[in-house]
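See below for the structure under consideration.
Bear in mind these aren't lab numbers, they're just calculated from the coordinates by the rules spelled out. Keep in mind that this is a model prediction, so the values were computed, not measured. Methodologically, a virtual Cβ is constructed for each residue, glycine included, from the backbone with ideal geometry; neighbour enumeration extends over all protein chains shown.
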Amino acid sequence: MPSGAILLVIAVALVVNVVVMAAIVIPPLFGRRSPLASVGEPESDLRDLETVGHAALFGGLVGRSGEDRTAYDRIVRIVSWAFLLATAVIVGSSGLWPETAPGIFVLLGLAGGFVLLVHDLLPPLALGAAKYVLEGTVALTFATFLVLLTGGYDSPFFFTFPLIVGAAALVIRPLATFVLTMAAAVGYVVATTLGSGPPGPVQLATVAIDLVALLLLAYVGSVIGHEQRRSRDAALRLSAVDPLTGLFNRTFFFAALEREMARSARSGRGFCLLMLDLDELKAINDRAGHHAGDAALRAVADTIRGGIRQIDVAARYGGDEFVALLPETDPTGGWVLAEKIRLGAAAREIEDLAESPTVSVGVVAYPRDGATADALMISADRAMYASKRAGRNRVAGPESAAPAAVAVMADEPRTPRPEVLKPPV
């Protein structure tokens, strides 16, 4: 085994791992995201939730970010220590590699130190998604040296490469799996070439078959992992999104409300809450059928979705009731948006309906109209029913005064509307 070639491999491995570590650590020091973070992120099909800016909240509700990371760390820790201990026992008791045994034990010790550092000493979120990239690089380096030190072509530790690639394929994106597989193939070829003499026909056939098996395992793992994530994400999406309107459901909304109240308590900045009711839904169902009622609900939901910002949370609260959470919004801004949604709903045309749907809207502000979630929802409910009692198709607050700013929306195409109820400013 040429010592110069081994030193070259060690130098290359050190350079690669230092570059990967630098790409992970240096960008955050300058307030930037690591370019390896997106590569290391587990694949998810919840892109529609991410585009509205609620991926983190959704992850917290269904346990994706916290529980998944904990399970991943536990699995990696158990597999790593079990493999390292088993390898140490086999190498020490078999006596098959007396010349390289000291190097193997040093390699096992370094690997154990890395596992201890990443999974026990560092904070769980210290490396973020780039942890996957770093662990993959170190694991392939470890596997390459282990095969190199235990006989090259004749090494019984080839399965280390499929173990790394197959496990990663179940978690990371297909492109990252492909890159990892190519890196594993290069590492295996280097280890077998430097760890043995000139290859014969049998050795070449063995390497070729091993590489084909590695590629096929990566493909199978990637497909299975993608399908498993797609099915899981679809189930999780159903647990947070109303299937008829595409808005979030009541459970998600209350979790978002509690989270926003906690944030507002820390920052001292309030927020607004809108509660909307589709007027005369029962009459629409009786006159035109439930399909027309569903169309009216979807039209109102689309109007709300088109009017809110990415940081806002809109949800279907009940059968014909909707809510919208508006972070860092003052009462004037809440009234302006409520009036915009009311006018937008009244301007929509729905097949089988002679008249456009209308909504009655209640506007409340935190903490002025309620210091707890229950108190705020009660105030919003009262405001909405105040608008319905006053004749429907209007905006009202718990005290009944609209800020003067609502009247300046002259550029909006307006349908004839009843007087807006005006609470005291």
Just how far, in whole angstrom, is the range 269-310 from the range 139-202 if you go by their alpha carbon centroids?
57
With a 10 Å radius around each residue's Cβ, average the other Cβ atoms per peptide and rank 298-310, 218-230, highest first.
298-310, 218-230
For T372 and I90, what is the calculated FRET efficiency with R₀ set at 45 Å and r taken between the beta-carbons, to the nearest 0.05?
0.15
Distance in nm between Y385 and V220 label points, each 7 Å along Cα→Cβ, equals 6.2
Distance (nanometres) between label positions extended 7 Å along Cα→Cβ at L244 and A82:
4.9
Cα convex hull of the range 250-408: mean projected area in nm², to one decimal?
9.0
Sorting check: for 320-333, 162-175, which peptide has the highest mean count of neighbouring beta carbons within 10 Å, and how do the rest follow?
320-333, 162-175
Ranking D294, D210 by Cβ neighbours within 10 Å, fewest first, what do you get?
D294, D210
Can you sort M275, M182 from fewest to most other Cβ atoms within 10 Å of each residue's own Cβ?
M182, M275
Part-to-part distance (alpha-carbon centres) for the range 335-351 and the range 73-125, which is given in Å
64
Using Cβ contacts closer than 10 Å as the measure, can you line up R382, R287 from fewest to most?
R287, R382
Quote to one decimal, in nm, the extra length available between E349 and H290 on full extension: 0.36 nm per residue of separation minus the C-alpha distance between them.
19.6 nm
Extended-chain gain in nm, criterion 0.36 nm per residue less alpha-carbon gap, D302 and E258
13.4 nm
